Amino acid sequence: MGLLEDKSRARLFYKYLSTVYDRINPFIWNEEMRAEALELLDLDAGDRVLDVGCGTGFGTEGLLQYTDDVHGLDQSAHQMAKAFEKFGRTGRVNFYRSDAERLPFAENSFDAVWSSGSIEYWPNPVDALTELRRVVKPGGSVLVVGPNYPSSSVFQRIADAIMLFYDAEEADRMFSEAGFEDVNHVTMGPSYNPEIAITSLARVPE
Ligand SMILES: C[S@@+](CC[C@H](N)C(=O)[O-])C[C@H]1O[C@@H](n2cnc3c(N)ncnc32)[C@H](O)[C@@H]1O
């Protein structure tokens, strides 16, 4: 398990990273990638959407282009403080400080669940994916963006020491253990590394 796959360490990490997150983020997770992922999720206006690990609200901002009913959840008070600066604490978005592994919502609460760049910090990704599956309605979708497993063995060793990096096979295993049956993956990334991220879209049967 990587160094940052630990909730309190990830919180400490984001206490400091939150101050520069929005300046660094575009180098690895940019608006073009977000647009590609949003197209896959294919939201309808009025859909109720949960953003798990919303951070400073980069994904949230994209979701708001499609629907006004957006809910953001994160375990880091520092990251959420940055999101509040953009959207207000009680404005257009409903925010919750909570844990991906224990979502504070009833089952079948959302038409779609989005999570970008957060799964790599979850110590028990299958438990959290099971939660995402629980809160999405029948007929809904779950989209998760995470870091693609590097091909070079040197980078693999570094990646494994830091956090969760995974390929399509591992994504299939995690989503299947979490109860999903219909899952597809695409890789995406900036021009200097077009496969840096793996985006999984799971459709939940009616
Ligand atoms: C790389 S940032 C991604 C932020 C945002 N989703 C984006 O697209 O830019 C990862 C976020 O996941 C949050 N996070 C990590 N572990 C979490 C957990 N167990 N529950 C909720 N949020 C978590 C972190 O606090 C951080 O804000």
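What residues have an amide H closer than 5 Å to that of F95, excluding those fewer than 5 places away on the same chain, when H is modeled at 1.01 Å from N in the peptide plane?
Correct list: G72.
Evaluate the charge dipole of segment 123-175 about its Cα centre and quote only its size in Debye, nearest 20, assuming +1 on the Cβ of each Lys and Arg and -1 on the Cβ of each Asp and Glu. Before the final figure, lay out each step's value.
Details: 5 positive and 7 negative charges, 44 e Å.
Charge dipole of segment 123-175: 220 debye, to the nearest 20.
So which aspartates and glutamates pass the test for K137, namely a Cα distance under 16 Å, with those fewer than 8 places away in the same chain ruled out?
Output for K137: D42, D44, D47, D51, D69, E107, D111, E181, D182, E206.
Which listed residue (A178, T130, P190) has the Cα farthest towards the positive end of the charge dipole for segment 125-206, taking +1 on Lys and Arg C-beta and -1 on Asp and Glu C-beta about the Cα centre?
P190
Please state the relative contact order of segment 44-95 as a whole percent: Cα pairs under 8 Å, 6+ residues apart? Mind dumping the intermediate values first?
On the way: 79 pairs, mean separation 20.3, N = 52.
Over segment 44-95, the number comes to 39 percent.
Give the Rg/Rh ratio for the chain, taking Rg as the radius of gyration of the Cα atoms and Rh as the Kirkwood radius, to two decimals. Walk me through the numbers on the way to the answer.
On the way: Rg = 15.7 Å, Rh = 16.9 Å.
So for the chain, dividing Rg by the Kirkwood Rh gives 0.93.
For segment 96-145 and segment 35-62, what is the separation of their Cα centres, given in Å?
13 Å
Using helices alone, I'd like the mean residue ellipticity at 222 nm for the chain: each DSSP H run of four-plus residues gives -39500 (n - 2.57), total over residue count, nearest 500.
Working: 8 runs with 74 residues, N = 206.
Per the formula, -10000 deg cm²/dmol.
From largest to smallest, what semi-axes in whole angstrom does segment 1-112 give when each is the square root of 5 times an eigenvalue of its alpha carbon gyration tensor? Numbers along the way, then the final one.
Details: eigenvalues 97, 59, 40 Å².
Gyration-tensor ellipsoid for segment 1-112: 22, 17, 14 Å.
What is the spin-label model distance, in nm, from E36 to Y16 if the labels are put 7 Å beyond Cα along the C-beta direction?
Distance between label points: 3.1 nm.
Can you tell me which of 125-137, 147-159 comes out highest on packing, and rank the rest after it, using the mean Cβ neighbours within 10 Å?
Averaged packing, sorted descending, gives the order 125-137, 147-159.
Looking only at the chain, where both bridge partners belong to it, what percent of the DSSP beta bridges are antiparallel (to the nearest 5)?
Working: 15 of 35 bridges.
Approximately 45 percent, going by the DSSP bridge assignments.
What percent do you get for the relative contact order of segment 22-120 when only Cα pairs under 8 Å and 6+ apart count? Mind dumping the intermediate values first?
Details: 143 pairs, mean separation 31.5, N = 99.
Taking the mean separation of contacting Cα pairs over the length of segment 22-120, I get 32 percent.
Name the long-range amide H neighbours of W114: under 5 Å, sequence gap of 5 or more, or other chain; modelled H, no Pro or chain starts.
Counting only residues 5 or more places away or on other chains, the set is L50, D51, V52, L143.
For segment 198-206, in order, what is each residue's ³J(HN,Hα) by Karplus, 6.51 cos²θ - 1.76 cosθ + 1.60 with θ = phi - 60°, in whole Hz (x at glycine and Pro)?
10, 10, 10, 10, 10, 9, 9, x, 4
Under the definition of Cα pairs under 8 Å and six or more residues apart, what whole-number percent is the relative contact order of the chain?
Working: 413 pairs, mean separation 45.7, N = 206.
With pairs under 8 Å counted, the relative contact order is 22 percent.
Applying the Karplus parametrisation 6.51 cos²θ - 1.76 cosθ + 1.60 with θ = phi - 60° to the phi angles of segment 159-168, what ³J(HN,Hα) value in whole Hz is obtained for each residue in order, glycine and proline being reported as x?
4, 4, 6, 9, 7, 7, 10, 8, 9, 4
Give, rounded to the nearest 20 debye, the magnitude of the charge dipole that segment 48-206 has about its Cα centre when Lys and Arg contribute +1 at Cβ and Asp and Glu contribute -1 at Cβ. Kindly include the intermediate steps, with their values, before the conclusion.
Numbers: 13 positive and 23 negative charges, 114 e Å.
Roughly 540 debye, rounded to the nearest 20.
Among 178-188, 109-119, what's the highest-first ranking by average C-beta atoms within 10 angstrom per residue?
Numbers: 178-188: 16.0, 109-119: 23.5.
With the highest mean Cβ count within 10 Å placed first, the list reads 109-119, 178-188.
Place the peptides 62-71, 21-30 in order of packing, highest mean first, counting for every residue the other Cβ atoms within 10 Å and averaging per peptide. Kindly include the intermediate steps, with their values, before the conclusion.
Details: 62-71: 18.9, 21-30: 14.1.
Result, highest mean first: 62-71, 21-30.
Every number in this text was worked out from the coordinates using simple rules, so none of it is lab data. Computed from a prediction, not measured in an experiment: that's the story for all the values here. Positions of Cβ are backbone-derived with ideal geometry, glycine not excepted, and every protein chain shown enters the neighbour counts.
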